[in-house]
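The next block holds one structure in the form of structure tokens; read it before the comments.
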Amino acid sequence: MAGSLAEIADSFFKPAVNDLVPYEPGKPVEEVQRELGLERVVKLASNEGPFGPFPKAREAIERSVGELNRYPDGGAYRLRAALAERLDLRFEEVAVGAGSDGLVDCLCQAMLEPGAEIVCGWPSFPSYAIDARKLGAVPRTVPLRDSRYDLDALLEAVGQRTKIVYVCLPNNPTGTTNTRAELDAYFDRVPDHVLTVLDQAYFEYIDEPDYPDGVEEYLKRGHRVVVLRTFSKIYGLAGLRVGYALAAEQVVTAIGKVRRAFDITTPAQEAALASLDSPEELARRRALNAEGRVRLEEILREHGLDPAGPAVGNFLFAELGEDSRPFFERLLREGVIVRPTHGFGAPEAIRVTVGTEEEHELLAGALDRVGPTAVTG
């Protein structure tokens, strides 16, 4: 009699999948409320914006409901055209996907075969390594320097089998970025056989003169680069999953060949499109985030934590000096969800998202009650 699937699983699935540690999402608020019997739970774990969709996006979502019996536009024509016009690119240089994370997956599918290599900093966004391993490719992870990507060491890790180098600006989970001069020097040296993926998921939050615009400064100047951005963060559309990639036409064509059909729903496309026409709301949220990040850093420092910096996104990263899960669990029981960063390659740290004023004060109260970490003594 044949064995059960559980008994033969190791041989049934490919080795790359058997050895995979999947991405661990942040805990949903409802799950914590149910498990711990808490009425009020604050989620500062997933780098979501603290506000919902823009008002115009809400209206667009409501208008789209009557068409949900129809499949969405598989090519996302109107959204791609609007992005191309806004960024002064050709339509053929814009791809869309289910969040920027979905585009990382598409790039891996299009480019990586077993034994190929990617290079990225570490700790950093887990999907870079996970999506490579799924295909039997090898991630080469390079330790950060001063909590930032070490671009010189990244280049030293590039070999003949390297297909993709990821540069995460700002880096998730540390929230730090590299300077324009550092990135200029990187692009001057990166070999021609490598495609650089410049992940700028938090681009709209940043108003720093030395923060580079990947599209204007590298893509339009002919570098072999893909710039990733998303509507998940400042636009408040994380639940709809809309990201986009700006790249040479050949890269966009390859993404289109492996992207799932209809992976951007009609409400997602309409909400993203409507969000592009709200510059005042974008500026308001950027300013509130900058103010909130200062207050969040004050709270963490008041409780003995030392966030990495300077941080430029909508989150902070702090080392605890010990396994961060017990500290995460203590905060969880107080109704505050933060992110232990084991899956990012930093098992002794937490990442905390910028929230509202009220959420920050609830965090401060929870930190008062949970007691010290190894760092605070």
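Semi-axes of the equivalent ellipsoid for region 61-220, please: Cα gyration tensor eigenvalues, times 5, square-rooted, ordered largest first, whole Å.
Square roots of five times the eigenvalues give 29, 20, 15 Å.
With the full set of protein chains in place, find how many percent of the accessible area of region 203-251 is carbon and sulfur; take the probe as 1.4 Å.
Here it works out to 43 percent.
Averaged over all directions, how much area does the convex hull of the C-alpha atoms of region 210-257 cover when projected, in nm²?
The Cα convex hull of region 210-257, projected and averaged over all directions, gives 4.3 nm².
Just the number: Rg to Rh for region 34-113, Cα atoms, Kirkwood Rh, two decimals.
Radius of gyration relative to Kirkwood radius: 1.08.
With charges set only on the Cβ (+1 for Lys and Arg, -1 for Asp and Glu), what does the dipole of region 130-247 come to about its Cα centre, in debye to the nearest 20?
Value, rounded to 20: 700 debye.
Could you run the Debye sum over the Cα atoms of the chain, one equal point scatterer each and no solvent, and tell me log10 of I(q)/I(0) at q = 0.10, 0.11 Å⁻¹, two decimals?
-0.67, -0.81
How big is the equivalent ellipsoid of region 73-149 along its three axes, where each semi-axis is √(5λ) from the Cα gyration tensor, reported in whole Å from largest to smallest?
29, 17, 10
Based solely on C-alpha atoms, express the radius of gyration and the Dmax of region 255-357 in angstrom.
Values for region 255-357 (Cα only, Rg and Dmax): 17.9, 51 Å.
Go through 91-99, 202-210 and give me the packing order, highest mean Cβ count within 10 Å leading.
91-99, 202-210
Run the numbers for ARG90 and ASP192: contour at 0.36 nm per residue of separation, minus the present Cα-Cα distance, in nm.
Value of the extension gain: 34.4 nm.
If we restrict to alpha carbons, what Rg and Dmax does region 310-364 come to, in Å?
So, for region 310-364, Rg and Dmax equal 11.3, 31 Å respectively.
Report the antiparallel proportion of the DSSP beta bridges in the chain as a percent, rounded to a multiple of 5.
Once the DSSP bridges in the chain are tallied, antiparallel ones form about 45 percent.
What's the carbon and sulfur percent of region 72-183's accessible surface, probe 1.4 angstrom, rounded to a whole number?
47
With +1 on the Cβ of every Lys and Arg and -1 on the Cβ of every Asp and Glu, and nothing else charged, how large is the dipole of the chain about its Cα centre, in debye rounded to the nearest 20?
Once rounded to the nearest 20, the dipole reads 860 debye.
Among rounded, prolate and oblate, which fits region 150-229 when a ≥ b ≥ c are the square roots of the eigenvalues of its C-alpha gyration tensor, a/c under 1.5 means rounded, and a/b larger than b/c means prolate?
Here region 150-229 falls in the prolate category.
Need one number for region 253-299: average projected area of the convex hull over its C-alpha atoms, nm².
Answer in nm², one decimal: 5.8.
Given a 1.4 angstrom probe, what's the average accessible area per residue across the chain, in square angstrom?
About 45 Å² of surface per residue is accessible.
Quote the Stokes-Einstein diffusion coefficient, in whole µm² s⁻¹, for region 1-141, based on the Kirkwood radius over alpha carbon pairs, a temperature of 25 °C and a viscosity of 0.890 mPa s.
For these conditions, the coefficient is 125 µm²/s.
Is the C-alpha gyration tensor of region 178-297 telling us rounded, prolate or oblate? Criteria: a/c under 1.5 is rounded; beyond that, a/b larger than b/c is prolate, otherwise oblate.
oblate
Based on the mean of other Cβ atoms within 10 Å per residue, sort peptides 270-276, 17-23 so the most packed one is first.
Packing order, densest peptide first, comes out as 270-276, 17-23.
If packing is taken as the mean number of other Cβ atoms within 10 Å per residue, what is the order of 359-371, 167-179, highest first?
Sorting 359-371, 167-179 by mean packing, highest first, produces 167-179, 359-371.
Can you find, among GLY26, ALA84, LEU320, the residue farthest towards the positive end of the dipole of the chain? Put +1 on the C-beta of Lys and Arg, -1 on that of Asp and Glu.
Comparing the listed Cα positions along the dipole, ALA84 ranks first.
Tell me, how many Å apart are the Cα centres for region 105-143 and for region 193-222?
Value for the Cα centre distance between the two parts: 20 Å.
The values are calculated or read from the model by the stated rules, or taken from the named source; none is laboratory data. Treat the numbers as computed from the prediction; the structure is a model and nothing was measured. Every residue, glycine among them, receives a Cβ derived from its backbone with ideal geometry; neighbour counts consider all protein chains shown. To get the accessible areas, we keep the full protein, side chains included, count just its heavy atoms, and leave off ligands, DNA and RNA. Shrake-Rupley method; radii C 1.70, N 1.55, O 1.52, S 1.80 Å.
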